[in-house]
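For reference, the structure discussed in these notes is given below.
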Amino acid sequence: MGEAAFYNHTNITEVTSEDETPATLGNNAFLDNSTIHLIIPEGTTQAYIDAGWTGFIISEKFTLGDMVYEIINTNPLEVSIIDYTGTSTDVIIDTSVDYDNNNYTITAIGERAFNTANLTSVVFPSSLTSIGESAFSYNDLTSITIPKSVTYIGEKAFDYNDITNVISESENPARLENNTFYNNSLITLTIPTGTTQIYTDANWRNFKTIVENSTLSTQEIALSKQLYIITNTNTLTITSQSITIKQVEIYAITGAKVKVASGTNNQIAINHLNTGVYIANIYTNKGITSKKFIKR
């Protein structure tokens, strides 16, 4: 493709290249690569970058497991989840995914990605920044926790769910579009201490109850990020490099306490628990934090 081939075509916003071996791109082939959505075959992102196709909004889709991803940024490496093909009603979304010898951070959930997936629970990663329009509409969610990292939640993102509890961890609330939740008047909103006015000013309004919770402080979130939970059918394992665990309380999503484990053992038997979503309140030498996990 020759130099300045499409330089004067200012309205180009999308380019589809079908060849797995990219054409040589002349200087200034397009006016402004940063405004152009480049659609290329699966598995060819690095080949296109190496061939000089840089600065574009690259759209390469790939499937791993039950998730379909779209590459939305190559510097840094970021992806959006655009579809869910699984059958599990309890979903934990990882912070990153490995593809084509690269590790991509999951920063977005696209429009209608989990629409009508029959979900009863979802755990979001701390890397997530945006949740698209109708991303989780028409599901069976009753409670969600929105990580501190989220800055945008699209219109009707959680429409047609019977959600009664929303926890938002951020002291700077995400921007909400219209009708983000099905019915705010049925929802108890839990937010960090001292942030009610900030949330109200940001249009988080008309909730049934707003509860300020001191455990959603910056210190608690920092502690949470130092603890990791791994589960299998029989055991819950809590790992950390420098934190001593004193006690763990496990609660069902209904609020019922189902297990208490004391002492410094980081492995807890959970074989007696039914499958589902649970919350572990973890008491340590550096404070208290909570983690969600799924027993399968």
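The values are calculated or read from the model by the stated rules, or taken from the named source; none is laboratory data. This structure is a prediction, so every number in the text was calculated from the model and none was measured. Using ideal geometry, Cβ is built from the backbone for each residue, glycine included, and neighbour counts are taken over all protein chains shown.
When the residues of the range 38-55 are filtered to those that are within 16 Å of Glu14 (Cα to Cα) and assigned to a loop (DSSP other than H, G, I, E, B), which remaining residue is farthest from the chain's Cα centre (by Cα)? Step by step, filter the range 38-55, then rank; the result is Trp53.
With respect to the conditions (1) more than 19 Å from Thr200 (Cα to Cα); (2) in contact (Cβ under 8 Å) with a residue 40 or more places away in the chain; (3) in contact with a strand residue (DSSP E or B) (Cβ under 6 Å, 6 or more places away or on another chain), Asp140 falls short on a single one, namely (3). Candidates Asp100, Asp50: the one that is free of Cβ contacts under 8 Å to residues at least 60 places away in the same chain and either β-branched (Val, Ile, Thr) or assigned by TED's automatic domain parsing to the domain that holds Pro173 (or both) is Asp100. Does Ile230 satisfy the criteria of being modelled with pLDDT under 90 and out of contact with any Phe, Trp or Tyr (no Cβ under 6 Å at 6 or more places or on another chain)? Criteria met by Ile230.
Of the residues Glu212, Glu169, which is surrounded by fewer than 19 Cβ atoms within 10 Å (Cβ to Cβ), charged (D, E, K, R) and at pLDDT below 90?
Numbers: Glu169 fails: surrounded by fewer than 19 Cβ atoms within 10 Å (Cβ to Cβ).
Being surrounded by fewer than 19 Cβ atoms within 10 Å (Cβ to Cβ), charged (D, E, K, R) and at pLDDT below 90 holds for just one of Glu212, Glu169, which is Glu212.
Inspect the range 92-109 for any residue being over 15 Å from the mean Cα position of the chain (by Cα) and under 19 Å from Thr151 (Cα atoms) and give the result as yes or no. It would help to see each step written out before you state the result.
The initial filter retains those residues of the range 92-109 that are over 15 Å from the mean Cα position of the chain (by Cα), namely 98-103.
Pick out the ones that are also under 19 Å from Thr151 (Cα atoms) and you get none.
The answer is no, given that none of the residues of the range 92-109 is over 15 Å from the mean Cα position of the chain (by Cα) and under 19 Å from Thr151 (Cα atoms).
Restricting the search to strands (runs of 3 or more DSSP E) fully inside the range 124-221 and requiring at least 1 residues that are within 15 Å of the chain's Cα centre (by Cα) and of a type outside the set (Lys, Arg) gives 143-146, 165-168.
Would you mind stating whether Phe56 is in contact with a helix residue (DSSP H, G or I) (Cβ under 7 Å, 6 or more places away or on another chain) and crowded, with 19+ Cβ neighbours inside 10 Å? Working first, answer last.
Details: in contact with a helix residue (DSSP H, G or I) (Cβ under 7 Å, 6 or more places away or on another chain): yes; crowded, with 19+ Cβ neighbours inside 10 Å: yes.
When the stated conditions are applied, Phe56 passes them.
When restricted to residues that are over 13 Å from Ala108 (Cβ atoms) and either not basic (Lys, Arg) or not assigned by TED's automatic domain parsing to the domain that holds Thr190 (or both), the range 148-171 contains 15.
Which numbered condition in (1) closer than 25 Å to Arg175 by Cα; (2) more than 24 Å from the chain's Cα centre (by Cα) is the only one that Gly26 fails? Unmet condition: (1). If you go through the range 110-123 and pick out every residue that is modelled with pLDDT of 90 or more and either within 9 Å of the chain's Cα centre (by Cα) or on the phi > 0 side of the Ramachandran plot (or both), you end up with 3.
Kindly establish whether Lys61 is among the basic types (Lys, Arg) and without any contact (Cβ under 8 Å) to a residue 24 or more places away in the chain.
On the way: among the basic types (Lys, Arg): yes; without any contact (Cβ under 8 Å) to a residue 24 or more places away in the chain: yes.
Yes.
Residues of the range 9-31 include none that is touching an Asp or Glu at 6+ places or on another chain (Cβ under 6 Å) and touching a residue at least 40 places away in the same chain (Cβ under 8 Å).
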